[in-house]
Each structure stands twice: as C-alpha cells, then as structure tokens.
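Take this structure first; my questions come after.
All of the numbers you see were taken from the coordinates with simple rules; none came from a lab. Small disclaimer: the values here were computed from a predicted structure and weren't measured. Every residue, glycine as well, gets a Cβ built from its backbone with ideal geometry; the counts of neighbours run over all protein chains shown.
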Amino acid sequence: EIYMKANITLIPGDGIGPEIIREAKKVLEAVADAYDHEFIFTEIDMGGCSIDKYGVPLTDEAIEIAKKSDAVLLGAVGGDVGNSRWYDVAPNLRPEAGLLKIRKELGLFANLRPATLYPKLVSACPLKEEIAERGFDMVIVRELTGGLYFGERYTKEVDGVKTAVDTLVYNENEIRRVAKVAFDIAMTREKKKVTSVDKANVLDSSRLWRSVVEEVAKEYPEVTLEHMLVDNAAMQLVKEPRQFDVMLTENMFGDILSDEASMIAGSIGMLPSASLGEGSFGLYEPSHGSAPDIAGKNKANPLATILSAAMLLRHSLGLLEEAQRIEDTVEDVLDSNYRTWDLKSPGIKVLKTSQMGDIVSEWLTEAT
Ligand code: NAI
Ligand code: MG
C-alpha cells in the first residue's frame, strides 16, 4: 500500500452537523489506520457557530484553511440552536450564506448526488415493489454555477403589464468542464454509461449542451452516451430508475431531478453529495440539512456523511479501494438490520448516532 498523507478540512456547522461529522471522522480514522494513511484534520467554523464567535457565517481565514487543504467535509448549517438570533439578521449573514460563499470561492461547478437503493431499504422506497426490488445505483451530475439560476434577471413593465425575465445562459466551456466530470465518473463505474438530459427540442442552450457533450464523448470511447429530454427523464426515473448510471444535466433540471431521485432512494439520512471544481479538490456533505428538531439527541443518521467521506476518498484522494470499503461496510451494517431511528421498522435494531459510527468503524477495521 502507498502511504498517503492528506489534509482534510472539517466543517461541523450546527444542528446535527457536529454529531454526524464526529462519526464520519471516526470512520476516516479507521481507514487511515487500516491502510497506513495519515489524515490531518483541521476544523473551521461555519454557520451559526461562526456568527456567534465572529459575527459572520464564514471568515476569510476559514476559507483560506479550506483552500489549502485537499478536501472539505461539511456537516450542515442552518437551524436554530445555540443563542444566535439569525432570523433577525440580513440574508448575507444567515448561516447558509457561508455555504454559498465557499462554493463560489472554491469554484465548485459540478454537484454529484449518488442515489442508490440498498436492497435492505426497499421497503422505504415509494416506488412499486417490483421496481424497487430490482434496485438502482446512479449518480446525478448537476452543473452548479451557471444556467437559469445565474443568468440576468429583472422585472419591468411592458405596455403597463408587469413582466419578469430570467435568462438561461451557458457557454461551451461551462458545458465541457462539467461533462468531463460526468464522463470521468462513468469511467470508474461498471456500466460506463452517461445519460445527458436536456430540452434540445426547444432550447438553444440545450442544443449547444448536446453538441458539446457529444464532442467530449469522443474522448471517452469506452463510455456509452445517450441523450434524453428532461420531461422524459422525470418519467423514466420513477418508471425504470435502474436504466441510469451517470445522469448529466444543467443546473435547474439537475436541481429538480436530483430531488426526485433522492425521494425514490428512501431516507434523506442516507444520501451523500460532492461538489467539485477543476482538479481533485472537492466539498463533500450529506444531502440533508441541520435537522434542528433532532439536534443534540444522538439520534441523527450519520450514514449520509460517512458515505460523503467515501466520496471524498474516491474523488479527492484517489483512494478507490478505501472508498469502496466504506460503502461495502455500510451495506453490511444495513444487511445485519442495524439502523438509526429514522429508518426504524419492525425487526430492526435501532442504534444511536455514535453507535452507528462505532459499528461502521469496527467492521471496517475487521474487514481490512
Ligand atoms: P433537514 O434536512 O435539516 O430536515 C428535514 C427532515 O429530515 C427533519 O425532520 C429532520 O429531522 C430529518 N433529517 C435530516 N437529516 C437527518 C438525518 N441525518 N437523520 C435523521 N433525520 C434527518 O431540512 P430542513 O428542516 O428543511 O432544514 C433545516 C435547516 O437546515 C434549515 O436552516 C435549512 O436552511 C438548513 N439546510 C442546510 C443545508 C446544508 O447545510 N447543506 C441543506 C438543507 C437545509
Ligand atoms: Mg440542498
């Protein structure tokens, strides 16, 4: 084994953030021990805890620390814990402003959300049993810093009628770089298939999207590319989710489709995510928020964060075997009917947040 030394920035945040980050760190430490790596963790404040200490959701010093590291693992920000009065402050001082700032400053233009239905969680899937039982395992790659959400917008009066305008703009460079991320991911997967989702029958930006994606595909002869219109993609996700491997799409389509995909995958407490830019740097976080309703109770499901740590190992550190080991261990734990409270059902053993982190770390160590 190659000895690897890596700097990982941890952002516990607030709400359940510190509880779930603690467990993910435990698992990363178990990986380091098992494979002779050295992970150096540096914690920074973001969100309410930073507002309490420094008056802003994220300081420039904290951003510098994150930038110098190899990757960032984030818990969640938001919620109402502690003694801050965030709801009284301006939007740029809201805890979530820290998240937008860090994404922007670090140039994270590709958002990855895997949606996997674990065999043991089939009953948590809202799809018809015969579809759910076949399972699925896909990754959505959503463009994160362009498109409709970043285009020019204004409201004006046209002949006395109030009119609002949003613009959807993409240039070929923005499309190419996110397409490459999708194809690179496809190369690491068994099916090696990219489904590019657009609305090329209507939108010019989608026609450009399609032609640039086809250009990129030429560099990846082993990957199968298919195009799908977004309305059809929304239907196919619930009809036959198994057909998807890597789904590539622009910002707004990805926003909607990734939420749809997360619902059919069962619990929000299971879903990791990654935001990537040029190079190997990335920011990894669970898809859920700070869950203030269960914060401080040792109840939260830490698996989304633990699976985000696995993505960090794979994408930012190139530690494929270690990432797979985490994912396999999580599946073993589920197969043995251990769950946190959010996935409580008859016949299962309910674990606290910290017990779930313990069992994943222990089983991972034993299996290596
Ligand atoms: P949420 O995801 O925090 O919670 C929704 C529901 O899911 C709650 O009932 C919660 O208890 C449950 N839940 C979430 N994560 C869980 C876990 N790991 N284990 C078990 N149950 C879990 O979304 P909500 O309530 O809309 O937002 C709460 C706060 O989080 C808000 O301030 C929001 O702005 C912030 N937020 C932050 C995000 C981030 O840091 N990236 C993303 C989404 C929301
Ligand atoms: Mg979100």
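Let's test the formula: R0 of 56 Å, r as the Cβ-Cβ distance of ASN232 and LYS5. What FRET efficiency results, to the nearest 0.05?
Result of the calculation: an efficiency of 0.75.
Next up: Across the chain, where is the longest run that never hits GluC sites (Glu not before Pro) in a DSSP loop with at most 13 other C-beta atoms within 10 Å?
2-151
Can you tell me what percent of all Cα-Cα pairs in the stretch 116-232 are more than 26 Å apart?
39 percent
Give the order of SER258, SER196 when sorted by the count of other beta carbons within 10 angstrom, beginning with the fewest.
Result, fewest neighbours first: SER258, SER196.
Return the lysines within reach of LYS192: Cα separation strictly under 18 angstrom, same-chain partners fewer than 8 residues apart disregarded; answer none if there are no such residues.
LYS180, LYS218
Please report the relative contact order for the stretch 110-151, taking Cα pairs under 8 Å with a sequence separation of at least 6, and give it as a percent rounded to a whole number.
Relative contact order, the stretch 110-151: 54 percent.
Next up: Any aspartates and glutamates with Cα under 18 Å of the LYS352 Cα? List them, leaving off those in the same chain fewer than 8 positions away.
The reachable aspartates and glutamates, counting only those whose Cα sits under 18 Å from LYS352, are GLU19, GLU23, ASP293, GLU331, ASP332, ASP335, ASP342, GLU362.
Then there is this: What residue among GLY146, GLY279, GLY318 has the largest mean-square fluctuation in a Gaussian network model of the chain, using Cα springs under 10 Å?
GLY279
Using r as the Cβ-Cβ distance of GLU172 and GLU61, and R0 as 41 Å, what FRET efficiency do you calculate, to the nearest 0.05?
After rounding, the FRET efficiency stands at 0.65.
Let me ask another. Given the Cα-Cα distance of ASP358 and LYS104 and 0.36 nm per residue of separation, how much length would full extension add, in nm?
Result: 88.0 nm gained on full extension.
Distance in nm between label sites at VAL158 and THR368, each 7 Å beyond Cα in the beta-carbon direction?
6.0 nm
Over all alpha-carbon pairs of the chain, lay out the pair-distance distribution in 10 Å bins, whole %, shortest bin first.
5, 23, 32, 27, 11, 2, 0, 0
Using 0.36 nm per residue, how much length does the chain from LYS180 to LEU203 gain when fully extended, once their Cα-Cα distance is taken away?
6.1 nm
Also: Rounded to the nearest 0.05, what FRET efficiency is calculated for SER123 and GLN324 with R0 set to 30 Å and r the Cβ-Cβ distance?
My answer for the efficiency is 0.70.
Another one. Can you find, among THR365, ILE8, VAL216, the residue sitting farthest towards the positive end of the charge dipole of the chain, where Lys and Arg contribute +1 and Asp and Glu -1 at Cβ?
Projecting each Cα onto the dipole axis, the largest value belongs to VAL216.
Starting from the amide H of GLU43, placed 1.01 Å from N in the peptide plane, find each other amide H under 5 Å away whose residue is 5 or more places distant or on another chain.
The answer is LEU10.
Taking Cα pairs under 8 Å and at least six residues apart, what relative contact order does the stretch 126-204 come out at, in percent?
21 percent
Enumerate the amide H contacts of VAL139 below 5 Å, restricted to partners 5 or more residues apart or on another chain; note that Pro and chain-start residues carry no placed amide H.
It is ALA115, VAL246, MET247, by chain and number.
Taking only C-alpha pairs under 8 Å that are 6+ residues apart, what is the relative contact order of the chain in percent?
Normalised by residue count, the contact order of the chain is 22 percent.
Could you pull out the longest piece of the chain with no exposed loop trypsin sites (Lys or Arg not before Pro) in it, calling a site exposed if DSSP puts it outside H, G, I, E, B and it has at most 12 other Cβ atoms within 10 Å?
That gives 219-343 as the longest site-free run.
Next question. Would you work out the charge dipole size for the chain about its Cα centre, treating the Cβ of every Lys and Arg as +1 and the Cβ of every Asp and Glu as -1, and quote it to the nearest 20 debye?
That gives the chain a dipole magnitude of about 520 debye.
Here's another thing I want to ask about it. For the stretch 20-59, what number results from the quotient of the Cα radius of gyration and 2.2 N^0.38 Å?
1.57
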